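Structure record follows, encoded as structure tokens.
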Protein chains: 4
Amino acid sequence: MSTADTPLAVAGQTYHSRLLVGTGKYRDLKETQAAIEASGAEIVTVAVRRSNIGQNPSEPNLLDVIPPHRYTLLPNTAGCYSAEDAVRTCRLARELLDGHDLMKLEVLGDEKTLFPDLVETYKAAEVLIKEGFQIMVYTNDDPIAAKRLEEMGCIAVMPLAAPIGSGLGIRNPYNILEIIQNATVPILVDAGVGTASDAAVAMELGCDGVLMNTAIAGAQDPILMASAMKKAVEAGREAYLAGRIPRKRYASASSPLEGTFF
Amino acid sequence: MSTADTPLAVAGQTYHSRLLVGTGKYRDLKETQAAIEASGAEIVTVAVRRSNIGQNPSEPNLLDVIPPHRYTLLPNTAGCYSAEDAVRTCRLARELLDGHDLMKLEVLGDEKTLFPDLVETYKAAEVLIKEGFQIMVYTNDDPIAAKRLEEMGCIAVMPLAAPIGSGLGIRNPYNILEIIQNATVPILVDAGVGTASDAAVAMELGCDGVLMNTAIAGAQDPILMASAMKKAVEAGREAYLAGRIPRKRYASASSPLEGTFF
Amino acid sequence: MSTADTPLAVAGQTYHSRLLVGTGKYRDLKETQAAIEASGAEIVTVAVRRSNIGQNPSEPNLLDVIPPHRYTLLPNTAGCYSAEDAVRTCRLARELLDGHDLMKLEVLGDEKTLFPDLVETYKAAEVLIKEGFQIMVYTNDDPIAAKRLEEMGCIAVMPLAAPIGSGLGIRNPYNILEIIQNATVPILVDAGVGTASDAAVAMELGCDGVLMNTAIAGAQDPILMASAMKKAVEAGREAYLAGRIPRKRYASASSPLEGTFF
Amino acid sequence: MSTADTPLAVAGQTYHSRLLVGTGKYRDLKETQAAIEASGAEIVTVAVRRSNIGQNPSEPNLLDVIPPHRYTLLPNTAGCYSAEDAVRTCRLARELLDGHDLMKLEVLGDEKTLFPDLVETYKAAEVLIKEGFQIMVYTNDDPIAAKRLEEMGCIAVMPLAAPIGSGLGIRNPYNILEIIQNATVPILVDAGVGTASDAAVAMELGCDGVLMNTAIAGAQDPILMASAMKKAVEAGREAYLAGRIPRKRYASASSPLEGTFF
């Protein structure tokens, strides 16, 4: 038996890698570059408000280490706490990047937890989609919100696994599963991954990809962790496609687990 | 920063792969061979009582697809429910395999759950070690039992993640962690792995390897699952070495999680 | 040492019981009454669209078994999928109940999962609060949404443990904890409780109460389950107040668990 | 429908309470007495090696606060690391207590984790049963070991939830469930309970009782925690008898959860 995969398609382009990575929190641009390289990522997200992607022409430009001919750039609105800020940030990014219109929208609810603010996210998404942006949108793991964002025209929905930078892994797999099963756009788990198995779990649920930053950049050896994440995402995807054995209390049980389980 | 790994050492030989696989439950020898190949395993375990490794010279020999020059053969005592049976099986294997003395000892407690019988396992281990066998031993996840088996002279201890064939993953990570931290011989998680993330979790705990059979052979696409497991084991090992970020309730929390967690 | 509790205060009244129960899915009014009695609940929620609380004067009236002099009635908007429907339902209830203005607002997102629709919930809450209703509001476990509902003037916020009727227990304790710690109004876990320990866990997190219906009415012996839930809520509250021992890998560990845990 | 319970029967006596408590770690005898009282326990376990039950006639006697006409005394072998020590301790207790032959046997494997040593436990149980003791035996959560101890003649088997004093709750509910379903003697969960919900979970699995000490004595308010535990054990028992609703991903799902769950 052979189980072929189809590549991830985002905004009309296809990708072999299902791991998307960020660029924050590295020691220097050299480490950033090496970690991205090791991750095998083809889509790289950049916090427009925190990175120099041309705003300061006299300083080192982040884009030097993620050249556009090799990577798809995904500017994001990290650090925005209102629809207004997020919209303004996307417009700035489009200007700096010669009309690039693929953006990751995130509007946060508070500085402590970094949970998304859905009301502000809806507002920003509405404006941005009208202005022709292609929006991949960060959200919580609420299936109703995810569907609404898809229906508004977001081209990908990115529910959190857990709070940004928490490293807690997928807190509510049922919600993620529900989001995936209801979706007709790609679902990518974003935020909260802590280690390789977390990424594998996300992929085993059937999501289309995983985006992470802190889990790699904050590891003691970011480059080795980037390699681990690359393999974990591939492993999880293959396991999903390969069709795992059912869970049973023991092999001789006549039916899969149901009723009582833990 | 660079984090080098040392290879897995078992009975004086070193191995690059930390995934050990079985040979049962495949459709045919061709599928067996392809799955083992895809898994990248270098140590392959064979149920002496259920496989033809020379007992029936006129029938297809399992060893044709796992040639000794390429794989380390690990005969096992699957299907034995007493020390006596297990000892007899090891002796038979040694005879059939020209003095090969590396064995995986398992003595089961009942046919329903396939949990190990520790008392019979101790008895068999004692006899076999005296007779010069090199014993890798299957056990439950009891830290005291694992230490005792090491002290008896077993060259590797293989605690279960969950019942054989259950696919439940690591039921009690604290016990596995305790076993690993107390050990001076390799600890390999054996039995109970269901999918790729389970294997990654085992490796992230710091174990030296993972052995599985049903999770691969019972998958809808065994060869793809074998590939998934190869990557998952590597991913988990690399993540372990790379040093994961701490778990926190949110990134701004001043300390890792403690006290309340779930 | 003595640890005194303060009673639950809702809309200017105080309650000794922290268990709120529903009235749906019972075999008959007699069983409804006996289960409510056994639960010790003092606040009883009633689905206005599904129960006869006076709409059909010629049929048995649910209020006969939950007399207002003994119970605080909490009419709810179960079965409403839009703000408009929910608002209309509350107005009807107020009329039927002679100006009673305490309501539980729930606006659902779809019939399959019964997850709440937050956007419609916000809309309805805004209108109802303006019209002088006292709103206890059903929501998902999003801390940002919970805070927004409190800031809008809801007098209690009721995050789900899991989907209505699922019996899955608290899916994401960290979110519930976050909601509790941020709140200045009572937080009651609503929906998803399956058995007694689920209710205890909710209370141990520090929430102010638990509301349930299916877990009691759908049990094989609803009256015994009602008693179980009464005790579980009290047990969880007392355990919360009593200050539990820290979790450690073993008693001799010098510090509580942190970093790695499962 | 009515669901009657039968009382717990141990060594020919019946008990209404299914909560067994210890006497260690309290501030003083007064607190010990108040906590035991609040717990409603009828069987109280006493560490013979650490308590004065008559060894030192001139000092306060623990039995003054747990008078034998009111409580069933359960002397235990806490602090014993060999069969020999445990046997000697039981003999001493029988002598001090005028022929009392009901004992809780525990033989520990190491001082760090306090996991039981099963080999030494078997040895001690064999001797003690021959000498006419009625043995309730502490063990790990290995179903094969539990069955063996029952077959040897132990009158109750007491698997750990987690290491003594850890407060981690039931680490491996499947193992506990397996032990319960295979048993013809009472199964009581012993060690590792941290808070009320842990005790409820144990009872919901169907075990016959729960024994604890640290969770109560180590709480900030031991007497309130004792009350919480009393209610939690009753709640869990009633929920078990009442027959909980099945777990489903959502209420409209046509079948209980199986296959994928978390």
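Scoring A:ARG50 on the criteria (1) assigned to a loop (DSSP other than H, G, I, E, B); (2) crowded, with 21+ Cβ neighbours inside 10 Å leaves a single failure, condition (2).
Among the candidates C:ALA202, C:ALA239, C:ALA235, C:ALA228, the residue that is within 12 Å of the chain's Cα centre (by Cα) and within 17 Å of D:VAL201 (Cβ to Cβ) is uniquely C:ALA202.
Can we say C:ASP28 is within 30 Å of D:GLU31 (Cβ to Cβ) and among the acidic types (Asp, Glu)? No, not satisfied. Being touching a helix residue (DSSP H, G or I) at 6+ places or on another chain (Cβ under 6 Å) and within 19 Å of C:ALA156 (Cβ to Cβ) holds for only one residue in C:SER39, C:SER17, and it is C:SER39.
Scanning segment A:82-103 for residues that are part of a helix (DSSP H, G or I) and either charged (D, E, K, R) or under 18 Å from A:LEU63 (Cβ atoms) (or both) turns up A:GLU84, A:ASP85, A:ARG88, A:THR89, A:CYS90, A:ARG91, A:LEU92, A:ALA93, A:ARG94, A:GLU95, A:LEU96.
Name the residue that is nearest to the other protein chains (Cβ to nearest Cβ), counting only residues in segment C:183-194 that are in contact with a Gly (Cβ under 7 Å, 6 or more places away or on another chain) and without any contact (Cβ under 8 Å) to a residue 60 or more places away in the chain.
Filtering first and then ranking leaves C:GLY194.
Consider segment A:62-75. How many of its residues are buried (at least 16 other Cβ atoms within 10 Å of the Cβ) and over 10 Å from A:VAL44 (Cα atoms)? So the count comes out to 3. Could you go through segment C:192-208 and let me know if any residue there is surrounded by fewer than 24 Cβ atoms within 10 Å (Cβ to Cβ), β-branched (Val, Ile, Thr) and under 24 Å from C:LEU118 (Cα atoms). No, segment C:192-208 has no match at all. Taking (1) among the β-branched types (Val, Ile, Thr); (2) more than 9 Å from chain A (Cβ to nearest Cβ); (3) touching a residue at least 40 places away in the same chain (Cβ under 8 Å) in turn, B:ILE180 satisfies each apart from (3).
Just to be sure, is D:ALA226 touching a Ser or Thr at 6+ places or on another chain (Cβ under 7 Å) and facing chain C (nearest Cβ under 10 Å)? I'd like the intermediate steps shown before the answer.
Working: touching a Ser or Thr at 6+ places or on another chain (Cβ under 7 Å): yes; facing chain C (nearest Cβ under 10 Å): yes.
The answer is yes for D:ALA226.
The residues in segment A:89-144 that are among the charged types (D, E, K, R), under 30 Å from C:ALA146 (Cα atoms) and surrounded by fewer than 24 Cβ atoms within 10 Å (Cβ to Cβ) can be counted, and the count is 7. In segment A:112-146, the qualifying residues are those that are within 12 Å of chain C (Cβ to nearest Cβ) and either in contact with a Cys (Cβ under 8 Å, 6 or more places away or on another chain) or part of a loop (DSSP other than H, G, I, E, B) (or both), and the one that is nearest to A:ILE176 (Cα to Cα) is A:ASP141. Scan segment B:147-166 and give yes if some residue there is outside any loop (DSSP other than H, G, I, E, B), within 30 Å of A:ALA217 (Cβ to Cβ), modelled with pLDDT of 95 or more and not hydrophobic (A, V, I, L, M, F, W, C), otherwise no. No: segment B:147-166 contains no residue that is outside any loop (DSSP other than H, G, I, E, B), within 30 Å of A:ALA217 (Cβ to Cβ), modelled with pLDDT of 95 or more and not hydrophobic (A, V, I, L, M, F, W, C).
Which one of the conditions (1) at pLDDT 95 or above; (2) under 15 Å from the mean Cα position of the chain (by Cα); (3) within 24 Å of D:VAL107 (Cβ to Cβ) does D:THR195 fail to meet, given that it meets all the rest? For D:THR195, the exception is condition (3).
One residue stands out among those in segment C:87-104 that are out of contact with any strand residue (DSSP E or B) (no Cβ under 6 Å at 6 or more places or on another chain) and among the aliphatic types (A, V, I, L, M): the one that is modelled with the highest pLDDT, which is C:VAL87.
When D:GLU42, D:GLU31, D:GLU37 are screened for being closer than 27 Å to C:ALA226 by Cβ and modelled with pLDDT of 90 or more, only D:GLU42 passes. Any residue that is in contact with a Pro (Cβ under 9 Å, 6 or more places away or on another chain), surrounded by fewer than 24 Cβ atoms within 10 Å (Cβ to Cβ) and not polar (S, T, N, Q) - is there at least one of those in segment B:149-160? Yes: segment B:149-160 contains one or more residues that are in contact with a Pro (Cβ under 9 Å, 6 or more places away or on another chain), surrounded by fewer than 24 Cβ atoms within 10 Å (Cβ to Cβ) and not polar (S, T, N, Q).
Pick from segment C:1-37 the residues that are under 19 Å from C:MET203 (Cα atoms) and of a type in the set (A, V, I, L, M, F, W, C): which of them is surrounded by the fewest Cβ atoms within 10 Å (Cβ to Cβ)? Among residues in segment C:1-37 that are under 19 Å from C:MET203 (Cα atoms) and of a type in the set (A, V, I, L, M, F, W, C), the one surrounded by the fewest Cβ atoms within 10 Å (Cβ to Cβ) is C:ALA4. Looking for whichever is more than 8 Å from chain A (Cβ to nearest Cβ) and either closer than 19 Å to B:LEU188 by Cβ or at pLDDT 95 or above (or both) here; the options are B:LEU241, B:LEU211. Which one fits? Checking each option against the conditions leaves just B:LEU211.
Please work out if C:MET152 is under 14 Å from the mean Cα position of the chain (by Cα) and either within 8 Å of chain D (Cβ to nearest Cβ) or closer than 30 Å to C:ASP117 by Cα (or both).
Spelling it out, it is not the case that C:MET152 is under 14 Å from the mean Cα position of the chain (by Cα) and either within 8 Å of chain D (Cβ to nearest Cβ) or closer than 30 Å to C:ASP117 by Cα (or both).
Filtering segment C:203-251 to residues that are in contact (Cβ under 8 Å) with a residue 40 or more places away in the chain and touching a strand residue (DSSP E or B) at 6+ places or on another chain (Cβ under 8 Å) leaves C:MET203, C:ASP208, C:GLY209, C:VAL210, C:LEU211, C:MET212, C:ASN213, C:ILE216, C:ALA226, C:MET229, C:LYS230, C:VAL233. Of the residues B:ALA215, B:ALA226, B:ALA253, the single one that is among the hydrophobic types (A, V, I, L, M, F, W, C) and either surrounded by fewer than 20 Cβ atoms within 10 Å (Cβ to Cβ) or on the phi > 0 side of the Ramachandran plot (or both) is B:ALA253. Taking the listed residues B:LEU74, B:LEU62, B:LEU96, B:LEU102, the one that is without any contact (Cβ under 8 Å) to a residue 40 or more places away in the chain, away from chain D (no Cβ under 14 Å) and not acidic (Asp, Glu) is B:LEU62, with no other qualifying.
The values are calculated or read from the model by the stated rules, or taken from the named source; none is laboratory data. Just so we're clear, the structure is a prediction, and the values are computed from it rather than from any experiment. Cβ: placed from backbone, ideal geometry, glycine included. Neighbour counts: every protein chain shown.
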